[in-house]
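**Student:** I am attaching a structure below and will ask some questions about it afterwards.
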Amino acid sequence: MAIVEVAIPVPLNKTFDYLCDGEVAVGARVRVPFIRKKVVGVILAVKDKSEFEKLKSVEEVLDDTPILDKPILDFLFWSARYYHHPIGEVICAALPKNLRLGKEAKIKKVTGLSLDTEKPDYKITDEQSHAINEILKSQDSYHGFLLHGVTGSGKTEVYLNITQTVLDQGKQVLVLVPEIGLTPQMITRFESRLETRVVAIHSQLNETQKLDAYLMAKNGEAGVVLGTRSAIFAPMPNLGLIIIDEEHDGSFKQQSNFRYSARDLCFIRAKQANIPLVLGTATPSLEMLKNVMDKKITRLTLTQRAGGATMPKVSLIDMRQHFTPQGGTEKSDGLLSNLLIEKMKQYLSKGKQVMLFINRRGYAPVYYCKECGWKAECGRCDSGMIYHRHINRLKCHHCGDEQMPEHTCPECKQPSLEVLGYGTERLEETLSSHFADTPIIRIDRDTTRRKKAFGEHLKKINSGEPCIIVGTQMLAKGHDFSNLAMVGILDTDAGLLSLDFRATEHLAQLLIQVSGRAGRNKEQGEVVIQTRYPDHPIFNYVLSSRYTQFAIQLLKQRSSALLPPYSHQALLCANAKNKQVAEDFLREAAGLLKSIQIDTVEIWGPVANIFEKKADYYYFNLYLQSDDRKALHQMLATFNQHIDSLKLKNKVRWYLDVDPIE
């Protein structure tokens, strides 16, 4: 009988030994008894002896050949060590659900091969050609490239050219995009140009489709795997290139359970496979710009829009002058200035499309009493209820709780309840009163819930018919709408008043990305930003398309404040229904961390989260920061070894977030 070491998906920093008769391979799945149930685990090693005496036996070997090969196992081990997360749960996060459940590893339907590929009808620019040649020089070795191209400069064209060259050598390519909304468009472009199978991996596929894509990547049938963050774990034996589109995007960071950053892990995957890595964006993150300054990666720039298109002209509307409160003559209805409405009418009359961006869904963010000031708040969270008019409900966007709106104020019993502020739903209603004959397409999480809804909306927009598009962040990146001439950005000021030290970086990225949707064909487009703070320095840089200079200013500020990327952070979060218990657990944890005595790591807290209460749980954080990454990880590893000494450990829910972004 052999002894096998098995990783099981449980939140424990250890593996388990079982007896097994017959031949088994490392990386194969087995069904094993664990406590009072049977679970599916993965074999990590076959050994002669175990430190435990009474071993249970493996009930069933599920794979003849390994489901995880050595390179992917090495990659998962590295990830588990870096994020200080149990290996069993890391492997679980990397496998499609059907494999976790112990179903057969068999492809049901082979997909993704396009029969009629087409050649592009335009010539690549000198800048694109230079970028392609530079990347292909490093084809057989690890090298990171930041492809910094203005919006509409043809980054996808560079991706397609280098991908085809890598495919011609019989290798595979992994392409990561931040949002599911971008995958259909990307897949269409890749399938129509490349003579290979292109498979998608993202959360809107059903479990059979996910398993098929995973197995086609594993057996080499898929030349290109295109997906959101979880695709980083796709097993690709002939991996020759990794591309990350919109590298600055926060969606690459997983915000629950195993909290990894797919963008950061790409560096390790490329290094282990000894292949080039390309990170594309119009608005590089400060981390990547610092990597360029430190000569860790090479920056390649595309400064011109492809196909002769010009950058849009950007202007500001000062909302202090265009909005008169009650009593004066009304110049606007609070959200849309008359100037903006006039500009929209001009473009629509020329048969063009207009897009308005507001990063808040629902009808109105505040439902209140104008007599006594009462406000509808969520009973389970520290947040207001958002009014959704089409379903006539108040909804909490944090815990999902819903309630019927009151007709009279619960405090003063007066029928004086009103809504305040705007969401996408109210903006759509307001627009229909100004533009009765123009179709309005609203794109947010509420209107794209149905499986094919997003695709249907995009189809309407891509038909080129004049319309007004109202959208949230879902529309801010990557989309290419050829007849979109004007973009209006509303309600940006919240980003200028945020407590988060990354807020201005994110706002600059958002403004430039949203602006980049305008005028992507021959005629110059226009971007109009409404704000009450027109003198803020951020607008000076955005108006003159000087993102890099703005980012360098931010880097100087971060450097003097010793904030990331000039230091490294980790966050220990605890939450419990009893506020005191959550706080006491972190005090206990802080005591343990301080006893490890690594002077170069600072420990702050515990402090309450920005939203202290969510879904009846109270959240508290402990922050760790150091300019010595090694010291920080040494402290976390030692903490993990002694975690069982904390008395309150089982009375709270807690997690560790390495390199947090929130």
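Values in this text are rule-based calculations from the coordinates and carry no lab data. Remember, it's a predicted structure, so these values are computed and weren't measured experimentally. Here Cβ is always computed from backbone atoms with ideal geometry, including for glycine, and neighbour counts include all displayed protein chains.
**Student:** Using Cα positions and a limit of under 22 Å, work out the lysines in reach of K350, with same-chain residues fewer than 8 apart set aside.
**Tutor:** Straight-distance partners of K350: K313, K459, K460, K522.
**Student:** Moving to a separate point now. Over the range 365-420, what is the relative contact order in whole percent, taking alpha-carbon pairs under 8 Å and six or more residues apart?
**Tutor:** Reported relative contact order: 38 percent.
**Student:** Compute, for the chain, the length of the dipole vector about the Cα centre, with Cβ point charges of +1 (Lys, Arg) and -1 (Asp, Glu) only. Units Debye, rounded to 20.
**Tutor:** Computed about the Cα centre, the dipole is about 460 debye.
**Student:** Can I ask one more? Quick one, what does Rg over Rh come out to for the range 2-100 if you take C-alpha atoms and the Kirkwood Rh?
**Tutor:** A ratio of 0.93.
**Student:** Now for a different question. Stretched out fully, how many nm does the piece from D21 to A503 gain, at 0.36 nm a residue minus the Cα gap?
**Tutor:** In short, 167.8 nm is gained.
**Student:** Which GluC sites (Glu not before Pro) in the range 382-413 sit in a loop by DSSP (not H, G, I, E or B) and have at most 13 other Cβ atoms within 10 Å of their own Cβ?
**Tutor:** In loop regions of the range 382-413 (DSSP not H, G, I, E or B), the sparsely surrounded GluC sites (Glu not before Pro) are E411.
**Student:** C412 to R36: extension gain in nm, 0.36 nm per residue of separation minus the Cα-Cα distance?
**Tutor:** 129.8 nm
**Student:** Could you tally up the Lys pairs in the range 2-100 with alpha carbons closer than 17 Å? Skip any pair fewer than 8 positions apart unless they're on separate chains.
**Tutor:** 8
**Student:** Using the 4.7 Å Cβ rule, please list in number order the cysteines from the chain without any candidate partner.
**Tutor:** Those would be C20, C92, C266, C399, C467, C573, since no other cysteine Cβ in the chain comes under 4.7 Å of theirs.
**Student:** Filter the trypsin sites (Lys or Arg not before Pro) in the range 452-500 to those in DSSP coil with at most 13 other Cβ atoms within 10 Å of their Cβ, and list the result.
**Tutor:** Here the trypsin sites (Lys or Arg not before Pro) that fit, given the DSSP loop and packing criteria, are K452.
**Student:** Could you please report the charge total around E207, scoring K, R as +1 and D, E as -1 over all other residues with beta-carbon less than 12 angstrom from its beta-carbon?
**Tutor:** With Lys, Arg at +1 and Asp, Glu at -1, the net is +4.
**Student:** Relative contact order for the chain: what is it in percent, counting Cα pairs under 8 Å that are at least 6 residues apart?
**Tutor:** For the chain, the relative contact order is 11 percent.
**Student:** Next up: Mind listing which trypsin sites (Lys or Arg not before Pro) in the range 60-102 are in a DSSP loop and have 13 or fewer other Cβ atoms within 10 Å?
**Tutor:** Hits after loop and neighbour filter: nothing returned.
**Student:** In addition: For the range 399-404, just list the computed ³J(HN,Hα) in residue order, Karplus coefficients 6.51, -1.76 and 1.60, θ = phi - 60°, integers in Hz, with x standing in for Gly and Pro.
**Tutor:** Along the range 399-404, the couplings run 10, x, 4, 10, 8, 6 Hz.
**Student:** Sticking with this structure for a sec: If you take the square roots of the eigenvalues of the alpha-carbon gyration tensor of the range 126-307 and sort them as a ≥ b ≥ c, do you get rounded (a/c under 1.5), prolate (a/b over b/c) or oblate?
**Tutor:** Rounded.
**Student:** Then there is this: Take every DSSP beta bridge whose two residues both sit in the range 126-307, then give the antiparallel share in percent to the nearest 5.
**Tutor:** Given both bridge residues lie in the range 126-307, the antiparallel proportion sits at roughly 5 percent.
**Student:** For the chain, treating each Cα as an identical point scatterer without solvent, what Debye log10 I(q)/I(0) comes out at q = 0.05, 0.07, 0.10 1/Å?
**Tutor:** Values returned for q = 0.05, 0.07, 0.10 Å⁻¹ are -0.26, -0.52, -1.09.
**Student:** Applying 1/(1 + (r/R0)^6) with R0 = 35 Å to the Cβ-Cβ distance of L496 and Q641, what FRET efficiency is obtained, to the nearest 0.05?
**Tutor:** About 0.20, to the nearest 0.05.
**Student:** I've got another one for you. Cα atoms only: what Rg and Dmax, in Å, come out for the range 249-388?
**Tutor:** 23.4, 68
**Student:** Per-residue counts of other Cβ atoms within 10 Å, averaged by peptide: what ranking do you get for 29-37, 441-449, 271-279, highest first?
**Tutor:** 271-279, 441-449, 29-37
**Student:** Follow-up. For the range 568-658, take the alpha-carbon Rg, divide it by the Kirkwood Rh, and send me Rg/Rh.
**Tutor:** Rg/Rh: 0.96.
**Student:** Let me ask you something else. So what is the relative contact order of the range 11-162, in percent, for Cα pairs below 8 Å that sit 6 or more residues apart?
**Tutor:** 21 percent
**Student:** Something else about it: DSSP beta bridges in the chain, what fraction antiparallel, as a percent rounded to 5?
**Tutor:** 50 percent
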